[in-house]
Every structure is written in C-alpha cells, then in structure tokens.
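S.K.: Please find one structure pasted underneath; my questions will follow.
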C-alpha cells in the first residue's frame, strides 16, 4: 500500500512508519476491545497513514461516524473519539455520551471513553466538554500529532484546509507552530537540515521557531547523516497569482474539474460503467461516483500526471501501443518456458491495461471540458491578465459571466487575478465589480469580499505604481512559446505562465537570490538565510555530480501544477537539485477561494 | 513592553486580581466558575467527585491547563511525563498547595510557555505584576501556539481589569485576534462589542455582528436583525449594502405574502400558467428583479413589486436591468415587450432600436430562450459588425439577413455560394434567384 513512498530520493515511508507506530501505541494504551467514533473529516488524512487492518490488529472492532444522538450499540470495552479540536464536535460528543450521566456512578461502567485530538488537543474544547458536564467521563484525553502526512514519494501535506485563512486572515498562526513541529519531526528522522532559506512573514516565523526548538533540544542531537541539504520556506502570499490560474497539467486539471481530496478523486461513473461487468449491458447505470486513488503507485499515472494536458493524448496512445504489443507477444510464445513467462507477466499487463482504460476515460471527460468554448474564453482572459493586457479596465468577459450567473467562485478567481496582476484595481473598477457581485449573488457576500480584501487578493490601487510587469519580466513569468509536448521550461504547466513561486525556487538553486534582490523587495515579507550547525562528523561529502536535495515548504498551500513544475526541475539533466515538496494543503483556485468565503454555519 | 510606574499603579488600583479568591458577587459568576474550572481541569479530573460548590475554594495556584505531556515523535526530546493515565494521578498534583507553589514558582515566562506547550505542569499564578503578565503573553505569542495564547489570555481576562487588558491588546495584534476568537467562541458578545469599541475597530465589529444574520432562519426575525444592523458603524460602502439588504428582504416578505395569496386564490393567470417554483425570500436582488419582470411586469412605478420601482430603489445599472428584463420577457415569449425594451423615439417621432449591450449578446439571449427566427433576425440585423452579423445569421439560419447583407455588399460570388447551401425551390432560394437576375444591381464581383 505504501511502497511508492520509498521509491523517491528520500524514503518518506520512514515518516509514515513513525506515524503508524504512534497510532499503534495509542491504541494499545486503551487495553481491550474498542470502537472508534470518527470525525468524518479525519478519515481521509488517516487513510494515508493506516488501513483498517492496522486498527483491527489492535482490537478495533467497530467504527462509527460522529453524529448527534446516542451512540450506536457496540459490545466493546473502549469507545475512542478521533476528532479535530472543534467546539461543535465537542457538543456532539457530549450528546453522544451524556445519557451516561443519568446512571448512578456506582453502576458498573461497561465502557471506557477516550478522546484523541488530531492534530492537537485544545484547551477551549476541553473547557466545552467540562461545561457540558462530560469531561470527567473520559479516562484518557490525548493528542495525535499528524503534522506532515506522506502524500506521495516526494510530497508531504499537513492536510490543513484552514491554514491560509488562519494565517493571513485571522492572524492565528497555530498552523505555523504545527509546521515547525512537523519539520522538527522530519529532522529527527532525516537529520538536521543545514541550510534554511525563506521568503515571507510566515516563513520567517517558522524558521525562528525551528531554530528555537533546536536550541531547546540541544542535548538530544540526532546522529543522523542529513538527507536534506536545504529547506526553502515560502509564504503563499508572496505568490497569490499562481493558484488563481487554471492548472493545465493532467493532474492539475483533474483537481480543477473534479477535485482531489486526500489523494482520491470522485469521477462521474458513466464513462467507467462498461468495464465493470460486460454481461449486463446498460442495465443499470452506476449512480455512485467512481472513487479513484491517484498517486505514483500507479505506473501510468506517475508517468503522465505532470504532463501538459495537450500532451496526454499522445502519451496515452503510445502506452496503448506498448500494451497491445505486449499482449501480442503471446503469439510468439512457443515453448513451455516462454508461455510460462508470458503468463507470469499477465497480472501486471492486465493492471496496466485497466489503468490505461481508466485514464483514457478520465482524459476524455476532461477533454470535453477543455475543448468547450467557455473553458477557452476563461483561459484567454486569464492569459490576458497574466501578460498584463487591459488589467486596468472593467473586463467584459467578467461582466458577461456575472450576467449569466456563472458560479461566484469563478467570478472571484478572475476578479482577484485581475487585481493581483494590476497590483490592485482602480477604486471605480473595484466598486463596480463589487456592486455587480453583490446584486447578482446576494448582499451577504460583502463578508467574503471583505475577507478577500484583508488577505490582499482584492485591493484598491494605491499610489504606488504597478510593479507586476517588472516582476513578470525579471522572473520571465510569461514564456511566449511554451512547449507543451516536450517542455524545456516550467511554464509548460500553465501553457505559458511560469509559476512565480517555482521561479523563485529555481533562481535560488542557480544563480542565487542575490541576482533578483530588486524583485524580492517587491514581494511581501523578508527573505533570509539561516544555517544550522551539524554535529561533527555528520557533514555530508558530496560525490561529484551528486544532486542536492531541497525541501520546499509552501505555507498556505500549493497547487498540483506547482508540484509538477518542481518535479520537472528535479528531472532536468543538469538541474543539480532534486526537490521534495511539503505544504499545509494541496489547493486549487476554487478550494482556496472557498476557504476564504463566509457562509452560513450548519444549523 | 517594559512599563513604568504609572502602569504598575494602574494595576494595583484597578486590577480585578484578588489573590487566590474569587469575587462571588461578580455578575458573571457562572462564567467565572466555568473558566476557573477549565483552568483547573487537572484538579477536577483527579477529584471528579467534587461538588460544584467546592470549586470556589480552588485557587489559581499551580493548576495546569493541560493535563499531559504529548506522546509521540517528540517524546525523545522532551523529558516526557510518561504514561498519561499515570500522569493524571501524578503525586505532585496532590501535594498541598503551598508546597506545590514552591515547586513551580521559579519558572520564567519562556520556561512556562515551553512547559505549557509540552503539556507539563505549570503555573500562571506567579505572574502577578502587569509587567510579568505581559511578558508571559508576549512569550506565548512568540511561540505561535494558539492553544497556549488562549490559555494565557484566559488568565489575563480573569486577573486584569478589562480596560487594562484592552489597552495592552491594542499593540498586540495576534493576541488580540485570539482574544476575539475566544470571546466569540464562549459567546461573550457584550464584552466583544466593548473590546471593538475601545480598539476603535467599529467597522470590524459591525461586520462581525452582521455576519450573525446568516444564522437567523426565520425571515421576519432576519429582517428585524438586519434593521438592527443599520445603526452599526459600517464603512460608508458597507452601510449602503446593508441598507439595501434590509430593504430587499423587507420587500421580499411583502411580495411573497401577497403573491402566495394571489396564487392560491387563483386570481391571476400568470401564476396559473407559470406556477412559482420557489419562494423569493433571501434571493439576490437581480433574481428578485427577474421575478418582478416575470410576474409583475407593467405594474405602476408606485408598487413595491414593479420592475421600475425595484430598479430605482436598488440603483440597478441599465445593462443589468435590460439583461434581466430581457431574460424574463423572452422566457414568457413576450416578444412585443422585448421589442419595446430597445425602442426609443426621438423628438421627431422616429423610432430607433438601441441597446447598452451589443446586439450580438441580445441575439444569444433570445436564442437561448427559443425565440423564433422572425424575432431573431430583427436583432441579428442590428448587429453592426458585418462579419459578426453574417456568422450569427448563419448560426441561427436567418436566411433573409444573409441574403440581404450580401446584396447590400454587392457580393455576387457569396450569394451564389449561399444559393448552393439552401434548399432548392425554397423561398430563400427563389429570393436569391430573384436578386441575381436583377439587372439593376451593380455587382462588385
């Protein structure tokens, strides 16, 4: 289930194993049979760490989803709540177990209650349990620090959806503290990272905390040869533009169109119906979406996911030819030995064939969208903004989209993008957009517009001049002739636009940030470099031609297209650096804007 | 951070802090009790049988907020307390208070915060002077750990007068945000409003209170809630929006009640022919205008439900008004109304068709509403750009427009090509034949 985590430059399976060990230890602490009551949100992230089999081995006999009312019957000794530290969840837990309060305390207690807070316990939550009069019912209140979850062979995510909102809108930097702790865990397992670079306020905070934690733990230096040569911490708000753009890699588009959650995408079932059972022709079309796990464990997916979507057709047909050829081999198998060998390869070939069928179906689904007029028009406007065309005028396409009541998030993505590419909108234009949005989508969205303004995604132009063109030119953010089939530059991931965040990463590796001081000053927050002392004898002696390994941490989220661009840099022959990517959450423009919206709370 | 004497005096004069005892007369008695119990949670876990009344005797001293050290990846670093189930009953915690105090009294703010983060025993009680408390708060903020910041804030809330706490929070943005969050979570609306006022952040406060309307479900209560919001100190722009929001809902309630009654009584044909699909309550203004153009077209300006009145009250732009109106009337296939939307008369009495949006968009909208070719072609004809006109005409099969355009362009070749595309013997075909055989025309090719 997790082999793909160990194929990369850094064996991330070690981290997964550490997380599993901790989980086992917690489960063993609650001796006897158990049932787990899940905060549904957590099942996704936990799925990346452990399967049901692990829980079963540790006497977990039943699992429930946390919801109001009484607890379902379960003949177990322990009931364990796995929850995020949220007040509303505490109320549900209280409701679940409060009937217990009715019984006289002397009665035999058939069940022990435990709470496992993920990723941290919270004093407010415990206070709430106390108010509800149930805190005392818990034998054990613990926390399970799920900071960095191995997401793929070169990718770690904290799966913390609210991190950007908390850091940049609510000034709650707790997620930065978790980040620093996560990085300390990482260093405990993979050795001290000798060099830390960073850009942005939050990056600075995280680096400070890491250095401080290191001082505090000075006595217990790990004696591990460092795996990472350097760490680069990047604030999401130094590059607000990239996530707003539509991702054009295969994986990026799957995320844009269907959304990838905890490594799974839910796809419309129609296209996948035929493969299931060929016998029942169109008898009953499946109505449940097809849930597909997407990671590098699947050979074909690993091969194509980072390609520009325009190169997918060719890649799939090439693969199809190889697979057909392999199946044709059976005619050449004459001797028993040859047949035996062919048969032994069959399972692998069949897996490859079904993988090919799946991705052909997905690619077809996505092609229907990318070839639509609406998609093209939207992309055209995005590219105009990114190249600086007419960013200081009311855009008629946006106007039309509002008039057609297109989804609000689409409108907000475009308006924010225009604002970012123009270093703020003229007051008159901003007011116009705001009025149109409020009249068409409802006045309550003034809360959302306010949030976007507070995070800088939307802003009135101040007297300072628009420096986006300078940034674009210096960092070569727009490449006129991006090669989508055989890329030679990271700009292929957005068919022309090279993500700013990744350009910064690229320049840092070569020739260094000193060459772009001017631009760095235009982006918010400080940039810095720190060194961490290594214990004697742990200094790595690099072989000639050996690549450096850099961990790039995106505070506030990263897109799949950015990940693809970093993978592209890792694979460049003379690149000299391989990248491991970490983030608070994998995001796209839609999920990102959504996290900044204010909506009615569930009743 | 380091403050001089006057503040110290302030503290001693106005601080609510009364060492080790609580003011039972406090209005917020229950609240105190709850918070106190929370802070003392470790103790009550040990002595779970405690009656409520016992709580008052519990002092601040030495009662840690967290009960346990974290287990897991950091265990190797921190001298962890060991198994939590044992830890909960750790002997230290049962020591007499005096002894316990000695045990913890020497920790600096930094050490204390560190211990809090590690879930170890700690005490906030020893931070007695304002200066010490603020050092502690700053240290917590430095650690970026929301949980610890909140714990410290709860202690400061209890032990400082609110004036002083508010004053100190002005320069501590992060702590302030956590404090606001905390007050929101525990529902101390009144204190929150005071806080915002003293911070001169009245706009934030207004928005925050406005947000609560989202949780009000009953429309009449929501309307009253919004009415109440009108007096809040919003920024000028937001104030307009909130006023509009209130006016809109107020109107929707009236329209809804009226239309519901009319519909059920069966008096009006329009409702019989097109039964309402949903209530108009809480819909955006543009949707409301559409509804008005659909069900209340032609009503006099004076009525609340008339399109003209809504347009004026909510300052709807010409473009938006036209698009919305067009959509509604086209849906009803009221082509005469559609026509009237664009017709303007000049002072000589000539009529002319005008539109604030390109006619190509109008054609698209009409086509989406299944307008017949006779209607469509009128508008295709009004498209100024010739190429665009022809491509639209071809898309929607407006033969007359195409034929006339080629004729006007004197483009014989194109006309011949087009003749090949239409059905032989059809009226279009005959029309093209007629034109081509007209010897009066001077073709350009």
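S.K.: For the range B:198-244, would you read off the P(r) tail past 14 Å as a percentage of all alpha carbon pairs?
M.R.: 47
S.K.: Moving on. Given C-alpha coordinates of the range A:307-359, what is the ratio Rg to Rh with the Kirkwood estimate of Rh?
M.R.: 1.11
S.K.: Can you pull the mean other chain C-beta count within 10 Å for peptide A:136-144?
M.R.: 5
S.K.: Report, to two decimal places, the Cα Rg of chain A normalised by 2.2 N^0.38 Å (N = number of residues).
M.R.: Normalised by 2.2 N^0.38 Å, the Cα Rg of chain A equals 1.04.
S.K.: Determine the shape class of the range A:189-262: with a ≥ b ≥ c the square roots of the Cα gyration tensor eigenvalues, call it rounded for a/c under 1.5, and otherwise prolate if a/b is greater than b/c, oblate otherwise.
M.R.: Prolate shape, in that a/c is at least 1.5 and a/b is the bigger ratio.
S.K.: Can you give the FRET efficiency for residue A:390 and residue B:319, using 1/(1 + (r/R0)^6), R0 = 25 Å, r = Cβ-Cβ distance, to the nearest 0.05?
M.R.: 0.85
S.K.: 7 Å from Cα along Cα→Cβ at both residue B:132 and residue A:330: what's the point-to-point distance in nm?
M.R.: Result: 8.3 nm between the two label points.
S.K.: Can you tell me the FRET efficiency between residue A:369 and residue B:217 if r is taken as the Cβ-Cβ distance and R0 is 35 Å, rounded to the nearest 0.05?
M.R.: It comes to 0.45.
S.K.: Take the Cβ-Cβ distance between residue A:465 and residue B:270 as r, set R0 to 60 Å, and report the resulting FRET efficiency rounded to the nearest 0.05.
M.R.: For R0 = 60 Å, the calculated efficiency reads 0.60.
S.K.: Is the C-alpha gyration tensor of the range A:370-436 telling us rounded, prolate or oblate? Criteria: a/c under 1.5 is rounded; beyond that, a/b larger than b/c is prolate, otherwise oblate.
M.R.: Oblate, because a/c is 1.5 or more while a/b does not exceed b/c.
S.K.: I'm checking a number: the convex hull volume of the Cα atoms of the range B:191-341, normalised per residue, in Å³. What is it?
M.R.: 116
S.K.: Now a separate question. Would you calculate a helix-derived [θ] at 222 nm for the protein assembly as shown, using -39,500 (n - 2.57) for each DSSP H run of n ≥ 4 and dividing by the full residue count, to the nearest 500?
M.R.: It lands at -15000 deg cm²/dmol.
S.K.: Evaluate the distance, in nm, between pseudo-label points positioned 7 Å from the Cα of residue B:257 and of residue B:439 along their respective Cα→Cβ axes.
M.R.: 7.9
S.K.: Over the Cα atoms of the range A:506-603, what radius of gyration and what Dmax do you get, in Å?
M.R.: Final numbers for Rg and Dmax: 18.1, 63 Å.
S.K.: Enter the mean number of other protein chain beta carbons within 10 Å of the beta carbon of each residue in B:203-214, as an integer.
M.R.: Partner-chain Cβ atoms within 10 Å, mean over residues of B:203-214: 3.
S.K.: What area, in nm² and to one decimal, does the C-alpha convex hull of the protein assembly as shown cast on average over all directions?
M.R.: 58.1
S.K.: Between the range A:541-587 and the range B:378-396, what is the separation of their alpha carbon centroids in Å?
M.R.: If we compute the Cα centre of each part, the gap is 53 Å.
S.K.: Next question. Within 10 Å of each Cβ in A:431-444, how many Cβ atoms from other chains are there, averaged over the peptide?
M.R.: That works out to 6 on average.
S.K.: Along Cα→Cβ, 7 Å out, is where each label goes; now give me the distance between the ones at residue B:111 and residue B:277 in nm to one decimal.
M.R.: Here the answer is 7.0 nm between the modelled labels.
No lab work stands behind these numbers, since they all come straight from the coordinates. A quick note: this is a predicted structure, and the numbers were derived from the prediction, not measured. Here the Cβ is made from the backbone with ideal geometry for all residues, glycine too, and neighbour counts use every protein chain on show.
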